[in-house]
Amino acid sequence: MTRTPEPYDALLVLSFGGPEGPDDVRPFLENVTRGRGVPPERLDEVAEHYLHFGGVSPINALNRDLIARLEVDFAAAGLDLPIYFGNRNWHPMIEDTVAAMRGDGVRNALVFPTSAWGGYSGCRQYHEDIARARAAVGDDAPALTKLRHFYDHPLFLAAVADAVAAARAQLPADRRDAARLVFTAHSVPTAADATGGPPDLGGHLYSRQVAEAARLVATATGTGDHDLVWQSRSGPPQVPWLEPDIVDHLDALHARGIDAVVVVPVGFVSDHLEVVWDLDTEARDRAAELGMAFVRAATASTDPRFVQMVRELVRERLDGAAPVRRGTEPLLGVGCNGELCAPECCRPPARPRR
């Protein structure tokens, strides 16, 4: 006998997590890098980035603000779903949140991950988080269905495009028109990117989705010509990662005579520490050394359209509506519909040998 699925009765916002005080920094970083062979001296270096901001990452506060805005929006739209918050790497941990959901009687929840992308760390690892949390809670854990990638959702793209226009307007008038548009996203190991996505799409799902989002935003702003670079690599130096790095790219642009840039962190939905350190600190300082005008576009999650987009993604699942997409490439594919990852899709990266 086929069991009728229970109706969706909650939404879980699932994110990366971040420290909220100096004592949290090192344990948080050890959670993030466990099993990845990251040298202790690299952890010390990254810890200093967090301590520069008092040991507090902006990400948890930004996610709580997002949830508060979602609650208001859902209530206004008549969408009766309580919203929960869980993280992969720091409190509130997803295991604790799913246990609380079970205690509240939640049976079948949707999951919105704060990542627009496919690939291992942007998608499959969230499926692993969900499976780990459900296993920890036990047989009566609520069912959890991850929502789809939203890298080419029209509302996400519109929010980023308007942020680009607002940033460009901050540049000196005499440098504004010639400013180079530079998109950034979190780098990943090239081997992990190569295996990202269903095999029938040829891999490289993450980098191709980021490139497509950058192209769509650049087109929307009337600036077809643009660059895509990477930031925030954290692995051992012998492992190749996606390049070029944003700071190296600024040097290359300077050598070409470019004297102004609009940097767009399209790969981040909110101002994570990687944004406020790698871009607002390191990249901005390097641009100043080069005499280059530098402005960074806002991330999308503070735009009201981002909340509207989350509601639309939820409605797709509730109503069975077809996904609303702007992209032209088939970069979702079998196994990338949010519900599952096929066994051969986005395989975990190989761990370095000791």
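Being closer than 25 Å to residue 306 by Cα and either of a type in the set (Gly, Ala, Ser) or assigned to a helix (DSSP H, G or I) (or both), is that true of even one residue in segment 45-59?
Yes, segment 45-59 has at least one match.
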Q) Among the residues of segment 305-320, is there at least one that is at pLDDT 95 or above and not in a helix (DSSP H, G or I)? A) no
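Are any of the residues in segment 61-74 assigned to a loop (DSSP other than H, G, I, E, B) and of a type outside the set (A, V, I, L, M)? Walk me through it before giving the result.
Let us first name the residues in segment 61-74 that are assigned to a loop (DSSP other than H, G, I, E, B), namely none.
Checking segment 61-74: not a single residue is assigned to a loop (DSSP other than H, G, I, E, B) and of a type outside the set (A, V, I, L, M).
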Q | Test set (1) at pLDDT below 95; (2) open to solvent by less than 10 Å² (accessible area, probe 1.4 Å); (3) small (Gly, Ala, Ser) - residue 10 fails condition number | A | (1)
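Matching residues to (1) open to solvent by 60 Å² or more (accessible area, probe 1.4 Å); (2) free of Cβ contacts under 8 Å to residues at least 24 places away in the same chain:
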position: 73; (1), (2): no, no
position: 80; (1), (2): yes, yes
position: 102; (1), (2): yes, no
position: 107; (1), (2): yes, no
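Rundown of residues vs (1) open to solvent by 40 Å² or more (accessible area, probe 1.4 Å); (2) within 28 Å of residue 233 (Cα to Cα); (3) more than 15 Å from the chain's Cα centre (by Cα), yes/no style:
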site	(1), (2), (3)
127	no, yes, no
137	no, no, yes
142	no, no, yes
172	yes, no, yes
175	yes, no, yes
191	yes, yes, yes
198	no, yes, yes
204	yes, yes, yes
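Mind listing whichever residues of segment 27-41 are surrounded by fewer than 17 Cβ atoms within 10 Å (Cβ to Cβ) and outside any loop (DSSP other than H, G, I, E, B)?
From segment 27-41, those surrounded by fewer than 17 Cβ atoms within 10 Å (Cβ to Cβ) are 27, 30-31, 34-37, 39-41; that's our starting set.
Within segment 27-41, 27, 30, 31, 40, 41 meet the criteria.
The values are calculated or read from the model by the stated rules, or taken from the named source; none is laboratory data. Bear in mind the structure is a predicted one, so any value in this text is a computation, not a measurement. FYI the Cβ positions are ideal-geometry reconstructions off the backbone, even for glycines, and counts take in every protein chain you see. Areas reflect the complete protein model, heavy atoms only, side chains present, ligands, DNA and RNA absent. Shrake-Rupley method; radii C 1.70, N 1.55, O 1.52, S 1.80 Å.
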